[in-house]
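J.: First the structure, which I've put down as structure tokens, then a few questions once you've had a look.
The values are calculated or read from the model by the stated rules, or taken from the named source; none is laboratory data. These numbers were taken from a predicted model, which means no experiment stands behind them. Don't worry about glycine lacking a Cβ; one is built from the backbone with ideal geometry, like all the others, and counts go over all protein chains shown. Heavy atoms of the whole protein, side chains included, go into the accessibility calculation; ligands, DNA and RNA do not. Shrake-Rupley method; radii C 1.70, N 1.55, O 1.52, S 1.80 Å.
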Amino acid sequence: MKKISNNIFLMMLIFGTLVTISSNSWLGAWMGLEINLLSFIPLMNDNKKNLLTSESSLKYFLTQAFASSILLFAIIMLMFFYNNNMNLYNSFNELLILSTLLLKSGAAPFHFWFPEVMEGLSWINGLILMTWQKIAPLMLISYNFIYKFFMITIILSMLIGSLGGLNQTSIRKLMAFSSINHLGWMLLAMMNNEMLWMIYFLLYSLLSFSIVLMFNNFKLFYFNQIFNMSMMNPIVKLFIFLNLLSLGGLPPFLGFLPKWLVIQNLVTMNQLFILTISVCLTLITLYFYLRLSYSIFMLNYQKNSWLLKNNFNNKLSFTSLIFNFISISGLLMMSMIYVVM
């Protein structure tokens, strides 16, 4: 019965997003966001034993409901000013709508709820929050563009996303701050090119799915679990950290491709100032991924010579292997195909 209800809520979640992105009015888009919100709350509460799950779902509901109420207020004001031929709506209302949409997507400086909510979720729900739940707000943000406010949001998202992950011991919080950093890149891609942010989002979703699948498979939530797993297959550890480096955007992995496209676009548009800041802040995220990889492979690697048999699941699923292969060697394969063609 629980599985059937979860499937219904998942279908409603997808339906809510589709309503938002296909709507031709702000009110229709708001309705889609509400359907999406109210169908995600029961999915978050799938584990009754975990108290953090209830706390996370409550935090998520309050934040999203607050954003939705302000969005509805801004839409009503927009309609009122438009019908009375008043020009006041242009600046203030656009800023109000953009702020609520950034709050819904979890971009800085409205990111405060995102790492806290992520901490209490299961890996699958966390993946939905990091990927699918961003589609509708990002689509609406692309319709409502304010250049100066956008620049502040992009720089803050990258700064908080990179510095916030430096002192973390929880993998879920690290993924949340990584998501905030990637959101900054998506907004940067959106500034000049409508299609570019969608390509970035698709590749980010693919990389996130690949690594979350592994974390979920081995039930990894904190760094010390990886440090202490001396029985874990070294190949599995290698896959986990190659995936992390790919997510950080290190060449020659697939994660570098979307950043490469954005950098090329910014160079073409001659926006070198924001490009320099973005690259420098992304290097910080790479630093904490590399620091983690070094500590595990060089300083803190243990192997038991006396325990030959263990019950620990060392095997990767076939799906996980395929996604790992795409994540790690996707860019090289695409480059080879491009050279041959």
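J.: Enter the angle in degrees (range 0 to 90, nearest 10) between the Cα long axis of helix 132-143 and the first principal axis of the Cα atoms of the chain, meaning the one along which they spread out most.
T.: That works out to roughly 40 degrees.
J.: So, one more: Out of [x] 22.8; [y] 21.3; [z] 22.2, which label holds the value of Kirkwood radius over Cα pairs in Å that was computed here?
T.: Calculated Kirkwood radius over Cα pairs in Å: the matching label is [y].
J.: If you roll a 1.4 Å probe over the heavy atoms of the protein chains, what accessible area per residue do you get for the chain, in Å²?
T.: 49 Å²
J.: Per residue of region 170-183, what does 6.51 cos²θ - 1.76 cosθ + 1.60 with θ = phi - 60° give for ³J(HN,Hα)? Whole Hz please, x for Gly and Pro, Karplus curve as stated.
T.: Couplings: 8, 5, 5, 5, 4, 5, 5, 5, 4, 5, 5, 4, 5, 5 Hz.
J.: Related question: Taking the Cα-to-Cβ direction at Met11 and at Asn192 and moving 7 Å from each Cα, how far apart do the two end points lie in nm?
T.: Going by the 7 Å Cα→Cβ label model, 4.4 nm.
J.: Let me ask you something else. To test your reading of the geometry: what angle, between 0 and 90 degrees and rounded to tens, separates the Cα axis of helix 272-294 from the longest principal axis of the chain?
T.: 30 degrees
J.: By average Cβ neighbour count within 10 Å, what is the ranking of 174-185, 28-39, 189-200 from highest down?
T.: Ranked by mean Cβ neighbours within 10 Å, highest first: 174-185, 28-39, 189-200.
J.: Let me ask something else about it. For the chain, what is the calculated [θ] at 222 nm in deg cm²/dmol (nearest 500), taking -39500 (n - 2.57) for each run of four or more DSSP H residues and dividing by its residue count?
T.: -25500 deg cm²/dmol
J.: If you line up the long axis of helix 147-163 against the longest principal axis of the chain, both from Cα atoms, how many degrees apart are they, to the nearest 10?
T.: Tilt of helix 147-163: around 20 degrees.
J.: Mind listing the long-range amide H neighbours of Tyr222? Cut-off is under 5 Å, sequence gap 5 or more, other chains count too, H placed in the peptide plane at 1.01 Å from N.
T.: Residues meeting the criterion, in which the H sits 1.01 Å from N, are Ile171.
J.: Taking all protein chains in place and a 1.4 Å probe, what share, in percent, of the accessible surface of the chain do carbon and sulfur account for?
T.: Accessible surface attributable to carbon and sulfur in the chain totals 71 percent.
J.: Could I ask something else about it? Take Tyr289, Tyr143 and sort them by solvent-accessible surface of the protein heavy atoms, 1.4 Å probe, largest at the top.
T.: These residues rank, largest area first, as Tyr143, Tyr289.
J.: Within region 1-52, report the trypsin sites (Lys or Arg not before Pro) that DSSP leaves as loop and that have at most 11 other Cβ atoms within 10 Å.
T.: Here the trypsin sites (Lys or Arg not before Pro) that fit, given the DSSP loop and packing criteria, are Lys48, Lys49.
J.: Assuming 0.36 nm per residue, please report the length gained on full extension of the stretch Phe325 to Gln225 beyond their Cα-Cα distance.
T.: 33.6 nm
J.: Test of understanding: what is the full-extension gain from Leu58 to Ser335, defined as 0.36 nm times their sequence separation minus their Cα-Cα distance?
T.: In short, 95.1 nm is gained.
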